[in-house]
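Contents: one structure, followed by commentary.
The values are calculated or read from the model by the stated rules, or taken from the named source; none is laboratory data. A quick note: this is a predicted structure, and the numbers were derived from the prediction, not measured. Cβ placement follows ideal geometry from the backbone for every residue including glycine, while neighbour counts extend to all protein chains displayed.
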Amino acid sequence: MPGIKKRIVYLDQFVIDNFVKALDPKHPKHVAALREPFWLEVFKKLDVLVRAQLIVCPDSFFHREESGPTGYFESMQRIYEHLSTGITFDHGSEVIRKQICEHFGNFLRSAPDVAPVTLPEKIAQGKLHEWNGRLQISINMKPRAEEVSEVMQGKARTYQNFLEIFERWKTETGKGFDDWYKEETDGFATGTMGVIQDFARRKAQAPEKFLRDGTVNLNDLLPPPSVWLIEAMQWTAQKEGITDPAEVFKKIGEYLFSDKIELVPGIRIGSLLYAALADQAAHGRTQPPSKGVIVDVDMISSFLPYCDAMFIDKENAALLDDGRVKKKLGVGTHIYSLRDREAFLSYLDGILTTADPKHFELVEQTYGPGWKDPYLTILSRSR
């Protein structure tokens, strides 16, 4: 088969959720979902484009984690795996770790202005640009109730911390967007070190806690992503010929606390989004963002540079459309939300209409004429 290059279209979790409601006749909100024809129309176009081997909609850890509390995890997984064709993006922390280690290597080679290369193949599990097989194997990844509960509690704590920061932002009216941006980029290093120190403290106290009340919290024993990051940076330094431990940590510190850290896409994008939110709070915004703000920023900052297009919620799309954010963003990804429904439909139509007719001949020879028929019974047949 000839080589192909698919467009990468990432769908926010709420898009998958609306697909499930529109496609599952037994979903309690099915009738209400059908009153909004947009969701079925989008699914039809995406499904045909996926079958035509023209796009892929990677799934991610965010999809799995956000699907856990819905009560219909299996349906969510069925839809996001169908559109991803088994292509999964790395965990957000792994994406950032790869970016940092690549850039840290450049830093050590006296090329700190060379930014990491954001090729989607670097963060995708599975082969993005290959013809799909006829069969797709899926494993039920439904999280345990205890896992869902722990995740929800963790998100609640994180959101509460964010609310406190949001209230502080409101009082700091003398700062501007650039001040917030610098605070966020500088804060990555101090935040990373703080997480590592907190983990070391909890790990040291774990035996005493177990002897006292007989309980063990795995989060006190399993290293957080910040620990894995520093270990990966140590390996990077060693590969560059720096073997003395003291010199390794010196170089890590120099890098993390340098202004070159903003060249790491995940750090830059996340800092821009939080800077925009901080600026809004300092200049009159009274209501904080929704509880999903942390997950949204993590997802966007992790995956945005690797996608041709993203469909996200209106608030995050507006943040990315802020001129000050766009100036530093450094990506060419098409951003769509419910404000751009027709534009998104036109974007998808354009992918289909501009494809080489010979490509469709190969698709039909390989998969049969059924590729043109959207799989609208996907959830009713999978029961």
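Computed values, structure above
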read-out	value
In the range 242-275, residue nearest to Gly323 (Cα to Cα) [restricted to those that are in a loop (DSSP other than H, G, I, E, B) and hydroxyl-bearing (Ser, Thr, Tyr)]	Ser258
The lone exception for Leu376 - which of (1) under 30 Å from Leu163 (Cα atoms); (2) in contact with a Leu (Cβ under 7 Å, 6 or more places away or on another chain); (3) surrounded by fewer than 16 Cβ atoms within 10 Å (Cβ to Cβ) it fails	(1)
Filtered residues of the range 174-188 (kept if more than 20 Å from the chain's Cα centre (by Cα) and not in a loop (DSSP other than H, G, I, E, B))	Phe177, Asp178, Asp179, Trp180, Tyr181, Lys182, Glu183, Asp186, Gly187
Qualifying residue in the range 6-22 (condition: over 25 Å from Gly92 (Cα atoms), modelled with pLDDT of 95 or more and not aromatic (Phe, Trp, Tyr))	yes
Among (1) buried (at least 18 other Cβ atoms within 10 Å of the Cβ); (2) modelled with pLDDT of 95 or more, the one test that Arg109 misses	(1)
Residue list for the range 65-111, restricted to those being among the aromatic types (Phe, Trp, Tyr) and closer than 30 Å to Gln238 by Cα	Phe89, Phe104, Phe107
Options Tyr306, Tyr274: the member that is in contact with a Ser or Thr (Cβ under 6 Å, 6 or more places away or on another chain), closer than 23 Å to Val95 by Cβ and among the hydroxyl-bearing types (Ser, Thr, Tyr)	Tyr306
From the options Asp308, Asp322, residue that is farther than 20 Å from Leu40 by Cα and in contact with a Lys or Arg (Cβ under 6 Å, 6 or more places away or on another chain)	Asp308
Tally of residues being of a type outside the set (A, V, I, L, M, F, W, C) and surrounded by 10 or more Cβ atoms within 10 Å (Cβ to Cβ) across the range 343-364	7
Residue check, Glu172 exposed (fewer than 11 other Cβ atoms within 10 Å of the Cβ) and within 26 Å of Ala275 (Cα to Cα)	no
In the range 326-350, residue nearest to Glu41 (Cα to Cα) [restricted to those that are assigned to a loop (DSSP other than H, G, I, E, B) and touching a strand residue (DSSP E or B) at 6+ places or on another chain (Cβ under 8 Å)]	Ser337
Considering residues of the range 242-271 that are among the basic types (Lys, Arg) and within 24 Å of the chain's Cα centre (by Cα) only, the residue farthest from His91 (Cα to Cα)	Lys260
Selection within the range 17-34 - in a helix (DSSP H, G or I) and farther than 14 Å from Ser67 by Cβ	Ala22, Leu23, His30, Val31, Ala32, Ala33, Leu34
Filtered residues of the range 347-373 (kept if closer than 13 Å to Trp131 by Cα and without any contact (Cβ under 8 Å) to a residue 40 or more places away in the chain)	Glu364, Gln365
Positions within the range 202-234 being part of a helix (DSSP H, G or I), out of contact with any helix residue (DSSP H, G or I) (no Cβ under 8 Å at 6 or more places or on another chain) and hydrophobic (A, V, I, L, M, F, W, C), in sequence order	Ala204, Phe210, Leu211, Leu218
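Here's the yes/no breakdown for (1) outside any helix (DSSP H, G or I); (2) in contact with a helix residue (DSSP H, G or I) (Cβ under 7 Å, 6 or more places away or on another chain); (3) at pLDDT below 90:
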{"position": "Ile96", "(1), (2), (3)": "no, yes, no"}
{"position": "Ile100", "(1), (2), (3)": "no, yes, no"}
{"position": "His103", "(1), (2), (3)": "no, yes, no"}
{"position": "His129", "(1), (2), (3)": "yes, no, no"}
{"position": "Gly133", "(1), (2), (3)": "yes, no, yes"}
{"position": "Ile137", "(1), (2), (3)": "yes, no, yes"}
